[in-house]
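The values are calculated or read from the model by the stated rules, or taken from the named source; none is laboratory data. Since the model is a prediction, treat every value here as computed from it, not as a measurement. Cβ placement follows ideal geometry from the backbone for every residue including glycine, while neighbour counts extend to all protein chains displayed.
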């Protein structure tokens, strides 16, 4: 019984000694790495902007293939009176606008210093294809907007204006709609929102690039050409709720 206990004790002692020796090695490695990092920190010096520029120039001169990559943020505004529109999807238009500081000053001189507080910005959307217009109220805390349009495949033009606030009577705007028209946008055409139902031609032409001769072949002679309208059937496109497509 005593021999058994002695064996267990010796075994535990040997395991403990192995563990403690490993722990000592780990601590030693940690101390060495800490000393090295401390030396690096000690040797590190902060450069002034002038010293940094000189250091950078020396690096570039020593390496002919070195290239300095410059990064610029896009400005929030360009200080120009303008409104620009871009079709994002068949039913969405992105709009950006701004009034320059000089034009703001001229408006205040003409209509009074309270012009911008007694008017509100509006967008006048003109659908030239279907010949109708509507008004969108915006605010002075933004210079861009995503506009949802009910129709696709239409030509649009948008005006930026300032509308007289109802309970403000100090501003006199010479227009029937009480809107001062400031500037007009570019004209865009929104894309289609459905697959066009075009009939296939009976023949197709191929050009031989070696002889520059044109060769005409019948569509029916090709085995792997399919009419997508026949695959999905006409009802798929006629009853699609996301499209105004009609036959």
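Observations
- Looking across segment 206-238, the residues that are modelled with pLDDT of 85 or more and part of a strand (DSSP E or B) come down to 214, 215, 216.
- In segment 155-186, the residues that are surrounded by 17 or more Cβ atoms within 10 Å (Cβ to Cβ) and assigned to a loop (DSSP other than H, G, I, E, B): 171, 173, 185
- Where strands (runs of 3 or more DSSP E) fall entirely within segment 78-127, those with at least 3 residues that are without any contact (Cβ under 8 Å) to a residue 40 or more places away in the chain and touching a strand residue (DSSP E or B) at 6+ places or on another chain (Cβ under 9 Å) are at 119-127.
- Some residue of segment 101-120 being buried (at least 17 other Cβ atoms within 10 Å of the Cβ) and within 15 Å of residue 77 (Cβ to Cβ): no
Yes or no, residue by residue, for (1) surrounded by 10 or more Cβ atoms within 10 Å (Cβ to Cβ); (2) modelled with pLDDT of 70 or more:
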position: 43; (1), (2): no, no
position: 54; (1), (2): yes, yes
position: 57; (1), (2): yes, yes
position: 62; (1), (2): no, yes
position: 81; (1), (2): yes, yes
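- Here residue 165 does not qualify as within 22 Å of residue 97 (Cβ to Cβ), touching a helix residue (DSSP H, G or I) at 6+ places or on another chain (Cβ under 9 Å), modelled with pLDDT under 95 and assigned by TED's automatic domain parsing to the domain that holds residue 88.
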